[in-house]
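Undergrad: For reference, the structure I am asking about is given below.
Values in this text are rule-based calculations from the coordinates and carry no lab data. Everything numeric in this text was worked out from a predicted model, so none of it was measured. For neighbour counting, all protein chains shown are included, and Cβ atoms are generated from backbone atoms with ideal geometry for every residue, glycine included.
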């Protein structure tokens, strides 16, 4: 087992460079001059040529990639064309905010999925199967932005229980201790709900399948025959065996922690990686866009790797395919 | 306790018919939008007087900020979404099938390289990649179809490759080889038709997925350019006049959800019928 993992990890740097190259060349080889979009009537005529030299846009693409990669490794990701701030600083502000959101959503998703999945497996039959399947279909069809807009309509504008967007109230700086904490929590509620609820139904079906699979094994029948209580059979004999596939599933959904929040962050004005990327795309701010996409892609690839390693460690059957 | 195979098939057939019929009706409505829409979707009303009229007799779903009829915009928006959904499903499936066919049939080094490329592209989050491209180029309908196809073919390639490998090992393919048929003919006449079922299933599933992504992009202001009506953009426009004027956002939101739901229902049913081994959709004992 260990040599498979070592081999995987040894490949990681190569993988990261490949992903970075894929993103960089996608951006650079597109037709058109990226700088032309920035020119307005009152732009300093010297601005564009200076920027072009500064960015090395007059050099061959491969040389540009080398420069860009060397800079990125050293923590210099260039500077935003719009705000003129270093990209690294923008990312350093955005990434923790994204993680705060996604880690909570992840916890919510899997807690609900495990509860619903086990319940559905225990009552497995036509009605609960149908219910779960229908819920999956409906939730899958509902885009995050529609769900988010509806929740804003009901809880923020209608009932006025929760703030509609942002990360802090406008007067948050003046709050102290408990009040400040409560303010942050209130702002987290809706985005976490939208982000978390989205995959609950799908995840619950996987949990249900894993539990059902574990409960049809012979040792479970034997435990029942020995007269153990249902509760004991479930906890000691079924769930323990269902843990392997479940841990694999958790691990496989790790990449979502850095990726999937473009829409939710934009909708709720949450200052994270998603909104940074969307803002850069809207403003054609290429250095920020390039860095954000490359960083997210790299982190996703790395967490995929972690997931594979975890999966291989938990379930020997996975090792053959790794 | 669960439905038996026959019951699943009967249920799937019923769902497929209903889903496909409703989808067909919706497509016809979209196609006939120029005839069916009571108003021009881009015609501006008198600002102020016609802005934000509540749903009523003259405007079944009310009007938006510029006095444009929301119902007309919803059915014109269906044209855009269904066109992009179908176009991308067609293009991406063709591309994916080609890659999967070559990888599965050639095997060896070619297979290795192609499948590593698939892994790599699957690892990069699609939404970010699409945003990168439309953030640098100007979004337009053809560009969206191309970008969404270029980032959406990988799953199909995997499915087709798996099917091809399985089929290629079958005795009738061996027989065809033994008869001395040229490889391209075996591929085209004997392998591809047998891989059609998983291909059709994955293409159908792609339509709903694509519509979701397209509207998410439109919501972010990176979809088909204004003033072409697009549901995602309409939801975004309606957001600023919440909660008093709810219809501008809610109508297109419901349209997206219903359309995608129909696509997914049809796709699921098709999978149950054509690809029973993928089985019970969602796994389970």
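Undergrad: How far is helix A:87-122 tilted, in degrees, relative to the longest principal axis of the Cα atoms in chain A, given as a value from 0 to 90 rounded to the nearest 10?
TA: 20
Undergrad: Per-residue Cβ counts within 10 Å, from other chains only, averaged over B:129-142: what number is that?
TA: Mean shielding count: 6.
Undergrad: Return one number: the angle in degrees, 0 to 90 and rounded to the nearest 10, between the long axis of the Cα atoms of helix B:70-106 and the longest principal axis of the Cα atoms of chain B.
TA: 20
Undergrad: How far apart, in nm, are the 7 Å Cα→Cβ label points at residue A:8 and residue A:181?
TA: 3.8
Undergrad: Oh, and also: Efficiency by 1/(1 + (r/R0)^6): what FRET value for residue A:159 and residue A:99, r their Cβ-Cβ distance, R0 = 30 Å, to the nearest 0.05?
TA: 0.55
Undergrad: Given the DSSP H assignment, sum -39500 (n - 2.57) over each helix run of at least 4 residues in chain A and divide by its residue total; what's the result at 222 nm in deg cm²/dmol, nearest 500?
TA: My calculation for chain A gives -22500 deg cm²/dmol from helical runs alone.
Undergrad: Measure out, as a whole number of angstrom, how far apart the alpha-carbon centroids of segment B:96-170 and segment B:183-199 sit.
TA: Using only Cα atoms, the two centres lie 19 Å from each other.
Undergrad: Running a GNM on chain B with Cα contacts under 10 Å, which residue among B:268, B:64, B:119 ends up with the highest mean-square fluctuation?
TA: For chain B, modelled as a Gaussian network with Cα springs under 10 Å, the answer is B:119.
Undergrad: Springs between alpha-carbon pairs under 10 angstrom, Gaussian network model over chain A: which of A:148, A:56, A:196 fluctuates most?
TA: A:56
Undergrad: Using alpha carbons only, how many degrees (0 to 90, rounded to 10) separate the axis of helix B:196-219 from the longest principal axis of chain B?
TA: 30
Undergrad: Averaged over its residues, how many other protein chain Cβ atoms are within 10 Å of peptide A:213-220's Cβ atoms?
TA: For peptide A:213-220, the averaged partner shielding equals 1.
Undergrad: Using a Gaussian network model of chain B with C-alpha springs under 10 Å, which one of B:211, B:167, B:136 is most mobile by mean-square fluctuation?
TA: Per the Cα network of chain B with a 10 Å cutoff, B:136 tops the list.
Undergrad: A further question on this structure: With n ≥ 4 as the cut-off for DSSP H runs, can you work out [θ] at 222 nm for chain B, using -39500 (n - 2.57) per run divided by the number of residues, rounded to the nearest 500?
TA: Details: 11 runs with 189 residues, N = 285.
Rounded to the nearest 500, the figure is -22500 deg cm²/dmol.
Undergrad: Once you order the gyration tensor axes a ≥ b ≥ c over the Cα atoms, which shape class does segment B:84-125 get: rounded for a/c under 1.5, otherwise prolate or oblate by comparing a/b with b/c?
TA: oblate
Undergrad: Report, in whole Å, the centroid distance computed from the Cα atoms of segment A:271-302 and segment A:101-137.
TA: 32
Undergrad: Right, next: First check a/c for the protein assembly as shown, with a ≥ b ≥ c the square roots of the eigenvalues of its C-alpha gyration tensor; if it is under 1.5, answer rounded, and if not, answer prolate when a/b is larger than b/c or oblate otherwise.
TA: It is rounded, given that a/c, with a ≥ b ≥ c, falls under 1.5.
Undergrad: Would you calculate the separation in nanometres between label points at residue A:221 and residue A:76, each defined as 7 Å from the Cα along the Cα-to-beta-carbon direction?
TA: Distance between label points: 7.0 nm.
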